[in-house]
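K.L.:
A single structure is presented below for examination.
Derivation of every value follows stated rules applied to the coordinates shown; laboratory data play no part. Being a predicted model, the structure only gives us computed values, none of them experimental. Reconstructed Cβ throughout: ideal geometry from the backbone, glycine too, with neighbour counts over all protein chains shown.
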Amino acid sequence: MSRKERVYKIGEEEALRQKQIIEELSSSFQGKGLSYFIQTFGCQMNVRDSEKLVGILEKLGFSLAVKEKEADFIIYNTCCVRENAEQKVFGRLGSLKSYKEKNPHIKIAICGCMMQQENVLKEIKQKYRHVDLVFGTFNLYKFPELLQTHLETNQMVIDIWKEHQEIVEDLPSIRKDTFKAGVNIMYGCNNFCSYCIVPYVRGRERSRLPEEILAEVQRLVADGVKEIMLLGQNVNSYGKTLEQDYSFPDLLKDLTHIEGLERIRFMTSHPKDLSDELIKVMKESNKICRHLHLPVQAGSTKILKAMNRKYTKEHYLNLVKKIRSAMPNISLTTDIIVGFPGEHENEFQETLDLVQQVKFDGAFTFLYSKRTGTPGATMEDQIPEEKAKKHFNELLSILDSIVYENNLEKKEEILQILVEEANQENQTILTGRSDTNHLVHFAGDSSLVGKIVPVKITDAKPYYLIGELIV
Ligand code: SAH
Ligand code: SF4
Ligand code: F3S
């Protein structure tokens, strides 16, 4: 048996064990009308993890609560990428104290990236004794077992691993939508961008086996899924940890052959690893969406170097040129951090210059947040908050007008829209996304949710488009 097969077999055994525990526990929960509430903070990785937690909870016999403070089981799946994400969690957790005092039977669990930090654990142990279960990113699949331990001991159960041990597939999971789904293709990150906490809380990069991913997507498509989003912190380096010679473009090519699958998206792409082969595969396929989320983070080569991003401003601009000459209609979005150490006026101007050259179709902008344990936190020349905020606002107003101008250019175009939902108050207003990831509102019947329909764009707003269904 090869090493890979062995690791896989262990994963299978573990999944079976957890499933048995779910079965044992469910007899004490089923039929009691118990409900759960889950709050997910952070990125798509956490969204996907929460679907797994919900799958387990529903198998145990819980159903979704209408309100948080009516639920019998509350879970927060946390993010620590920026400080304000953490503060939100502590704030919410504090407000659960009195709810638990009034309803001592309820269970509170917290998990996810924040829990991988020792200072957070310390704070929870000291100030948040009303929490029952604490687990991390590497042992999420142990949730049934940890819950069992808690029920047996009635103590706060804390289980945090420093690194991953095996990839456990095949546990229950409930997907949010029936027509689109996120699929993990890899876990962790090896890049150690100097501002970023993710490699410390999500561990080393590891790719799932291609046959596992293909089988999962085939199952999803058989269940009616039309669009998949392949998830990883740096999808362009997919395959590097596999024994076989198999890359991200290889995976995309294999996925395009799945009949019934209509759209393939992926995120996130790191500019340093985006290959010509990937551009070629995208260009040749009409299933791979014409959208690339390509975080640049900063426009100054000096800052990029300090961030350990391993590309220059010129490299990024050339990459954009190459992508656009292969696929002229592609939409490009990005992430930008403002106020990284050493980013003064000149460096910031480079970001504005890059933004004006690329003319992004969308951008997430973040104020730099110092993360303890990352190299950025101890760098000299930290930027005062006032100055960073001023730059942040300047960048935002420039980006807003660029995005709006791009949106205006979409007028009169006919876009294929995957209808995602009907407006809750007015069921005749639908919302969907084009393959370029533009958000479009238009009138139509709610029976169209989950279908791909042609829509003519009639108007453009700063953050979305308005259209008319073509019948
Ligand atoms: N793996 C993805 C990003 C994951 S985190 C990538 O490399 O592109 C999502 C975004 O959060 C990052 O792109 C970055 O813009 C932002 N971010 C990460 N750490 C941050 C920090 N310490 N302060 C502010 N923004 C941060
Ligand atoms: Fe963080 Fe960089 Fe890894 Fe993205 S690539 S998760 S920004 S370390
Ligand atoms: Fe946050 Fe963890 Fe994602 S830190 S951004 S939830 S990987």
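K.L.:
Hey, rough spin-label estimate for Asp353 and Ala85, points 7 angstrom out along Cα→Cβ, what's it come to in nanometres?
P.N.:
Spacing of the two 7 Å Cα→Cβ label points: 3.1 nm.
K.L.:
Using only Cα atoms, find the angle between the long axis of helix 210-222 and the longest principal axis of the chain, and express it within 0 to 90 degrees, rounded to the nearest 10.
P.N.:
90
K.L.:
Right, something else. After finding the eigenvalues of the alpha carbon gyration tensor for the stretch 414-469, what semi-axes result from the square roots of 5 times each, listed largest first in whole Å?
P.N.:
Numbers: eigenvalues 49, 30, 18 Å².
In descending order the semi-axes read 16, 12, 10 Å.
K.L.:
Okay, next question. Normalised radius of gyration for the chain, please: alpha carbon Rg relative to 2.2 N^0.38 Å, two decimal places.
P.N.:
On the way: Rg = 23.0 Å, N = 471, 2.2 N^0.38 = 22.8 Å.
That ratio works out to 1.01.
K.L.:
Taking θ = phi - 60°, what integer Hz values does the Karplus form 6.51 cos²θ - 1.76 cosθ + 1.60 yield along the stretch 45-55, in sequence order, with x for Gly and Pro?
P.N.:
4, 5, 4, 5, 4, 5, 4, 5, 5, 5, x
K.L.:
Moving to a separate point now. Packing-wise, with mean Cβ within 10 Å as the measure, how do 391-397, 267-273 rank, highest first? Intermediate results must be reported in sequence, preceding the final value.
P.N.:
Numbers: 391-397: 16.0, 267-273: 19.1.
Final packing ranking: 267-273, 391-397.
K.L.:
Sort Thr78, Thr374, Thr334, Thr312 by Cβ crowding within 10 Å, fewest neighbours at the top. Could the numbers behind the result be given before it?
P.N.:
On the way: Thr78 28, Thr374 19, Thr334 23, Thr312 15.
With the fewest neighbours first, Thr78, Thr374, Thr334, Thr312 line up as Thr312, Thr374, Thr334, Thr78.
K.L.:
For the stretch 59-203, how big is the tail of P(r) above 23 Å, as a whole percent of Cα pairs?
P.N.:
Values: 4214 of 10440 pairs.
Of the Cα pairs, 40 percent sit more than 23 Å apart.
K.L.:
Calculate the all-directions average of the projected area of the stretch 372-462's alpha-carbon convex hull, and give it in nm². Don't skip to the answer; put the middle values down first.
P.N.:
Details: hull surface 37.9 nm².
Convex hull of Cα atoms, orientation-averaged projection: 9.5 nm².
K.L.:
Here's another thing I want to ask about it. Indicate the gyration tensor shape class of the stretch 292-409 (rounded, prolate or oblate), computed on the Cα atoms with a ≥ b ≥ c the square roots of the eigenvalues: a/c under 1.5 is rounded; otherwise a/b larger than b/c is prolate and the rest oblate.
P.N.:
Numbers: a/c = 2.25, a/b = 1.55, b/c = 1.45.
It comes out prolate by the Cα gyration axes.
K.L.:
Could I ask something else about it? Extension gain Ser397-Lys411, at 0.36 nm per residue separation less the Cα-Cα distance, in nm?
P.N.:
Working: separation 14, 0.36 × 14 = 5.04 nm, distance 2.21 nm.
Here the answer is 2.8 nm.
K.L.:
Hey, quick one: spin label on Thr428, modelled 7 Å out along Cα-Cβ, who in the stretch 438-452 has an amide N within reach, i.e. under 19 Å?
P.N.:
441-449
K.L.:
Under 15 Å from the Cβ of Thr149, count the other residues' Cβ atoms, weight Lys and Arg +1, Asp and Glu -1, and hand me the total.
P.N.:
Numbers: positive: Arg17, Lys107, Lys142; negative: Glu24, Asp132, Glu145, Glu152, Asp159.
Neighbourhood net charge equals -2.
K.L.:
With Cβ to Cβ distances under 10 Å as the rule, what net charge do the other residues near Val168 carry (K, R +1; D, E -1)?
P.N.:
Numbers: positive: Arg17, Lys52, Lys142; negative: Glu12, Glu13, Glu14, Glu166, Glu169, Asp170.
Spelling it out: positives minus negatives among the neighbours equals -3.
K.L.:
Past 29 Å, Cα to Cα: identify those pairs from Lys122/Lys310; Lys322/Lys411; Lys176/Lys370; Lys125/Lys370; Lys59/Lys370, in the order given. Could the numbers behind the result be given before it?
P.N.:
Numbers: Lys122/Lys310 35 Å; Lys322/Lys411 26 Å; Lys176/Lys370 33 Å; Lys125/Lys370 24 Å; Lys59/Lys370 40 Å.
In this structure, Lys122/Lys310; Lys176/Lys370; Lys59/Lys370 lie more than 29 Å apart at Cα.
K.L.:
Using only Cα atoms, find the angle between the long axis of helix 118-127 and the longest principal axis of the chain, and express it within 0 to 90 degrees, rounded to the nearest 10.
P.N.:
Helix 118-127 and the main axis of the chain meet at about 50 degrees.
K.L.:
Cα convex hull of the stretch 19-86: mean projected area in nm², to one decimal? Before the final figure, lay out the partial values.
P.N.:
Working: hull surface 20.6 nm².
It is 5.2 nm².
K.L.:
Average the reciprocal distances over every distinct pair of alpha-carbons in the stretch 133-234, invert the result, and give the Kirkwood radius in Å. List each step's numbers first, then the result.
P.N.:
On the way: mean 1/r = 0.0637 Å⁻¹.
Kirkwood radius, the stretch 133-234: 15.7 Å.
K.L.:
In Å, what Rg and Dmax follow from the Cα atoms of the stretch 175-289?
P.N.:
14.0, 42
K.L.:
Could I ask something else about it? From the Cα gyration tensor of the stretch 33-124, with a ≥ b ≥ c the square roots of its eigenvalues, which class applies: rounded if a/c is under 1.5, or else prolate if a/b is larger than b/c, or else oblate? Could you put the intermediate results ahead of the total?
P.N.:
Details: a/c = 2.10, a/b = 1.27, b/c = 1.65.
Oblate, since a/c reaches 1.5 and b/c is not below a/b.
K.L.:
Between Thr458 and Glu24, what length in nm is gained on full extension when 0.36 nm per residue of separation is reduced by their alpha carbon distance?
P.N.:
150.6 nm
K.L.:
Note down the net charge around Phe348, summing +1 for each Lys or Arg and -1 for each Asp or Glu among other residues with Cβ under 15 Å from its Cβ.
P.N.:
Values: positive: Lys302, Lys313, Lys387, Lys389, Lys390; negative: Glu343, Glu345, Glu347, Glu350, Asp353, Asp381, Glu385, Glu386, Glu394.
For residues surrounding Phe348, the net value is -4.
K.L.:
On a 0 to 90 degree scale, rounded to 10, what angle separates helix 385-408 from the longest Cα axis of the chain?
P.N.:
Once rounded, the angle reads 70 degrees.
K.L.:
Here is a follow-up. Among Glu145, Glu380, rank each residue by its count of other Cβ atoms within 10 Å, from fewest to most, as a rough exposure measure. Spell out each step's value before the answer.
P.N.:
Details: Glu145 20, Glu380 6.
Placing the least packed residue first, the sequence is Glu380, Glu145.
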